[in-house]
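Everything below concerns the one structure shown next.
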Amino acid sequence: MRTIKLILEYDGTEYRGWQRQKNGLSVQAILEERIAVITGERVKVIGSGRTDAGVHALGQVAHFRTASAIPAENLLKGINSLLPDDIVVKSLTDAPAGFHARIDARRKTYLYRLYNGMTRTALFRRYAWTVSAPLDVPAMRTAAAYLVGRHDFTSFCTVHTEAASFVREIFRLEISPTGTTAGSFLEIEVEADGFLRYMVRTIVGTLVEIGRGKRPPEEMTAILTGRNRDLAGMTAPPQGLFLKEVFY
């Protein structure tokens, strides 16, 4: 059996998320169906992690196992020829037999994109959260610094999260302007050894409240130590979130 490693890009707008669902379309289901056509086998595609409904990926990593002898280059072309326009396999390679896209992942980077302008954006409505109020970026950066390091992030995930531990380590949390049109774009990048459900979106929602002056940056400390979801800010909407890169 071969182990095939994939690097994927997808627009999550029309999907219920990465994971196969009983009701609704998923990225995983589409991939498994199209790969089966090429290989003639039923396969299970394992992703590095789940992305929720409406969330996108620039570099999702996945793997599947196959007995097919089709060369990697031909597998790549064949699978991409059957995928819808909003999913593409950017890279397909043979991996070591024991490679596991989820278990072997050591850290991931998520990107969240904000559009800060007085009017909404038509072109980027699927790929950014429009925040019309002015944002104090230096205050947001001050607040973000409190989250870097190893902490219990109970306050920054949904109360329905099932996890053996809520402790994660954030290695990098950067907030960068990316140019101007009628308004400005802000990109928030978070790199960590793992993420809890809605963790990035809740961090972003809290940072936006701080940027709007609704909370002082120093409140991040109390939110972290309080370990209570009610202490943090809103959960930012999904369309601004991208799984950017997975490291092994």
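The values are calculated or read from the model by the stated rules, or taken from the named source; none is laboratory data. This one's a predicted model, so the numbers in the text were calculated from it and none came from an experiment. So basically every Cβ, Gly included, is an ideal-geometry build from the backbone, and we count neighbours across all protein chains shown.
Quick notes on this one:
- The residue list ALA57, ALA53, ALA72 contains one member that is under 23 Å from the mean Cα position of the chain (by Cα) and closer than 18 Å to VAL88 by Cβ, which is ALA57.
- Inclusion of THR121 among residues that are under 24 Å from TYR198 (Cβ atoms), surrounded by 13 or more Cβ atoms within 10 Å (Cβ to Cβ) and more than 17 Å from the chain's Cα centre (by Cα) is warranted.
- Checking each residue in the range 74-118 for being acidic (Asp, Glu) and either farther than 28 Å from THR202 by Cα or crowded, with 18+ Cβ neighbours inside 10 Å (or both) picks out ASP85, ASP94.
- Of the residues in the range 113-120, at least one is over 19 Å from LYS244 (Cβ atoms), at pLDDT below 95 and of a type in the set (S, T, N, Q).
- Against the numbered list (1) in a strand (DSSP E or B); (2) on the phi > 0 side of the Ramachandran plot, GLY54 comes up short only at (1).
Residue-wise test of (1) within 13 Å of GLY194 (Cα to Cα); (2) in a loop (DSSP other than H, G, I, E, B).
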residue	(1), (2)
LEU135	no, yes
MET140	no, no
ALA143	no, no
LEU147	no, yes
HIS151	yes, no
THR161	no, yes
ARG168	yes, no
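- SER68 over 19 Å from GLN19 (Cα atoms), assigned by TED's automatic domain parsing to the domain that holds ILE38, out of contact with any Ser or Thr (no Cβ under 7 Å at 6 or more places or on another chain) and hydroxyl-bearing (Ser, Thr, Tyr): no
- Contact map, the range 68-93: first residue over 17 Å from LEU25 (Cβ atoms), second residue part of a loop (DSSP other than H, G, I, E, B) and of a type in the set (Asp, Glu), Cβ cut-off under 7 Å, separation 6 or more or different chains; pairs are SER68/GLU41.
- Yes/no for GLU245 being touching a residue at least 24 places away in the same chain (Cβ under 8 Å) and over 25 Å from ALA101 (Cβ atoms): no
- Residues (surrounded by 17 or more Cβ atoms within 10 Å (Cβ to Cβ) and at pLDDT below 95) located in the range 17-48: ARG20
- Filtered by the rule that a residue be of a type outside the set (Ser, Thr, Tyr) and either without any contact (Cβ under 8 Å) to a residue 24 or more places away in the chain or part of a strand (DSSP E or B) (or both), the range 94-113 gives ASP94, ALA95, ILE103, ARG107, LYS108, LEU111, ARG113.
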